[in-house]
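Here the structure is laid out as structure tokens; the discussion comes afterwards.
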Amino acid sequence: MAEETIWRGAASQLKNLGCFILCFLFCWLIVPIFIGLRRYLETKNHVFELTNERLKMTQGIFSKVTETLELYRVKDIEVLQPFIYRTVGLENIKVNTSDLSSPVILLDGIPQKVGFADKLRNQVEIIRAQKNVRELDIE
């Protein structure tokens, strides 16, 4: 079965609003212009892709690094909404996994209207049912 993309996108640039305002106020120093540009490019090039089997996170301006997480490894999904983010319609999604290389993944600045946490949860349940995988915590 071929992998299908359910959602693909990047974090909102609104998460950098404070930095952009400071860079604008101090643009006469020249250096803040490059700081703002770097921040913009980092956010633009940090792409999240949810497929029916994996969560892929690609980041990097010149050199790209792609990290993948098999959806059946997701243990818990937590939606964090700081006050400032909530006022502009953004949220942070914290994913706890059983993956040893990345036990916690933070997807920050995701627009609320996308409903990413619900899409992720639905796909996790579907893939676990398909692969007959159950999460077992031994302490």
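Report, largest value first, the span of the C-alpha coordinates of segment 5-131 along each principal axis, in whole Å.
Dimensions of segment 5-131 along the principal axes of its Cα atoms: 58, 34, 24 Å.
Write out the trypsin sites (Lys or Arg not before Pro) in segment 15-85 meeting two conditions: DSSP loop, and at most 11 other Cβ atoms within 10 Å of their Cβ.
K64
Near the amide H of I6, under 5 Å away, which other amide H atoms are found, from residues 5 or more places off or on another chain, if H is placed in the peptide plane?
L50, T51, N52
Using the reciprocal of the averaged 1/r over all distinct C-alpha pairs, how large is the Kirkwood radius of segment 64-129 in Å? Kindly include the intermediate steps, with their values, before the conclusion.
On the way: mean 1/r = 0.0791 Å⁻¹.
Value: 12.6 Å, from the Cα pair sum.
Going Cα to Cα from K131, which lysines come in below 26 Å? Please leave out same-chain ones fewer than 8 positions away.
Counting by Cα, and skipping residues close in sequence, K131 has these lysines nearby: K56, K75, K94, K119.
Write down the percent of antiparallel bridges among all DSSP beta bridges whose residues are both part of segment 5-131, to the nearest 5. Walk me through the numbers on the way to the answer.
Working: 27 of 27 bridges.
Here the share of antiparallel DSSP bridges comes out near 100 percent.
Can you grab the distance from the C-alpha centre of segment 62-95 to the C-alpha centre of segment 1-53, Å, no decimals?
Going from one Cα centre to the other spans 14 Å.
Quote the FRET efficiency, to the nearest 0.05, computed for E125 versus Y40 with a Förster distance R0 of 30 Å and r equal to the Cβ-Cβ distance. Don't jump to the answer; show the numbers that get you there.
Working: r = 36 Å, r/R0 = 1.20.
FRET efficiency, E125 to Y40: 0.25.
Quick check on segment 4-53: what does the Kirkwood estimate of hydrodynamic radius come out to from the alpha carbon pairs, in Å?
Numbers: mean 1/r = 0.0820 Å⁻¹.
Hydrodynamic radius (Kirkwood, Cα only) of segment 4-53 equals 12.2 Å.
Considering only DSSP states other than H, G, I, E and B, which chymotrypsin sites (Phe, Trp or Tyr not before Pro) in segment 1-84 qualify as loop sites with at most 15 other Cβ atoms within 10 Å?
Values: sites: W7, F20, F24, F26, W28, F34, Y40, F48, F62, Y72, F83; in loops: F26, F62.
Here the sparse-neighbourhood loop sites are F26, F62.
Quick note: the coordinates plus some simple rules give every number you see, no bench work behind them. The structure displayed is predicted, hence computed values, not measured ones. Using ideal geometry, Cβ is built from the backbone for each residue, glycine included, and neighbour counts are taken over all protein chains shown.
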